[in-house]
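The values are calculated or read from the model by the stated rules, or taken from the named source; none is laboratory data. What you see is a predicted model, and the numbers here were worked out from it, not measured in a lab. Using ideal geometry, Cβ is built from the backbone for each residue, glycine included, and neighbour counts are taken over all protein chains shown.
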Amino acid sequence: MQIHSAASADLQVRASTPWRPMSDVAHILLVEDDVEIRELVATFLRQNGLRASVARDGGEMDQLLSVSAVDLLLLDIMLPGEDGLSLCRRVRAAGSMPIIMLTARGQEVDRIVGLEMGADDYLCKPFSSHELLARIRAVLRRSQVAEPARRDGRRTVFSFAHWRLDLATRKLCSNDGLRVPLTSSEFELLVFFCEHPNRVLTREQFIDSPHEKLAMSFERSIDVYVSRLRRKIEKDPRHPALIETVRSGGYLFTPTVSRV
């Protein structure tokens, strides 16, 4: 099934084998002003074992978020009033809820803007309903860790500069107790840096890494993730000292990293 516009109203929703995420039934909030797409997607998600709520615009989204816990946000860019990019930026500033952007725009620059605003993934219309389901599952897997991350039979905490990154809780905290929220892509990028300190890492190495979010990236998106991460961990993101850019090479994570 392809979902793209009001012309999709005559398409039938096909259910696949019901699926349950790692923690009961995940609650998905779809913000979409096209009533036919809204109903089509919501019905498909419910038939595939997910809880789905819908909103027509940012106002309805805010109302639902104020009274209900949401596990993932599906956010259309072209909305009446406050657009999806502004909503994405606002939701991301408030926390680390996973966000997938939906849009009719397919150019790379539009994907980059969505990622810059803090989206975890980006899907262009027309899209297959089953591809959407696969993207939702992947983002939920990355955001819900089934078991604590362990190495050598013990919990792993990376310590570098004045930061501590706990792989079990996915928390990044400064030595003075300040907690900085990370999206799944930022978390996986920082873990990869901590695993390979003081080595020049190319964009291809990030994409070829075993970290799922990075492996689903394209080269330009790696630059976006690095930029977002710098804004969170660098004292001066305009003159980064922890993540240096290597001309014609990639990136170098400069601090000494230890496992606590």
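Here are some notes:
- Residue count for region 27-51 satisfying the condition of being within 19 Å of the chain's Cα centre (by Cα) and surrounded by fewer than 21 Cβ atoms within 10 Å (Cβ to Cβ): 1.
- Within region 67-78, being more than 18 Å from the chain's Cα centre (by Cα) and under 17 Å from I28 (Cβ atoms) holds for V67, S68.
- Cβ separations smaller than 9 Å between residues 6+ apart or across chains give no pair from region 220-247 residues that are in the same structural domain as Y122 (by TED's automatic domain parsing) to residues that are surrounded by fewer than 20 Cβ atoms within 10 Å (Cβ to Cβ).
- Yes/no for R105 being modelled with pLDDT under 95, under 22 Å from S227 (Cα atoms), among the charged types (D, E, K, R) and surrounded by fewer than 20 Cβ atoms within 10 Å (Cβ to Cβ): no
- Residues in region 124-138 include at least one that is under 12 Å from the mean Cα position of the chain (by Cα), at pLDDT below 90 and of a type outside the set (K, R).
- From the options S248, S217, residue that is part of a loop (DSSP other than H, G, I, E, B), hydroxyl-bearing (S, T, Y), modelled with pLDDT under 95 and surrounded by 15 or more Cβ atoms within 10 Å (Cβ to Cβ): S217
- For region 231-240, filtering for residues that are surrounded by 13 or more Cβ atoms within 10 Å (Cβ to Cβ) and part of a loop (DSSP other than H, G, I, E, B) leaves 3.
- Residue list for region 66-98, filter: surrounded by fewer than 18 Cβ atoms within 10 Å (Cβ to Cβ), farther than 25 Å from E188 by Cβ and of a type in the set (A, V, I, L, M): V67, M78
- Looking only at region 79-108, and only at residues there that are in a loop (DSSP other than H, G, I, E, B) and under 26 Å from R170 (Cβ atoms), the one that is farthest from the chain's Cα centre (by Cα): G95
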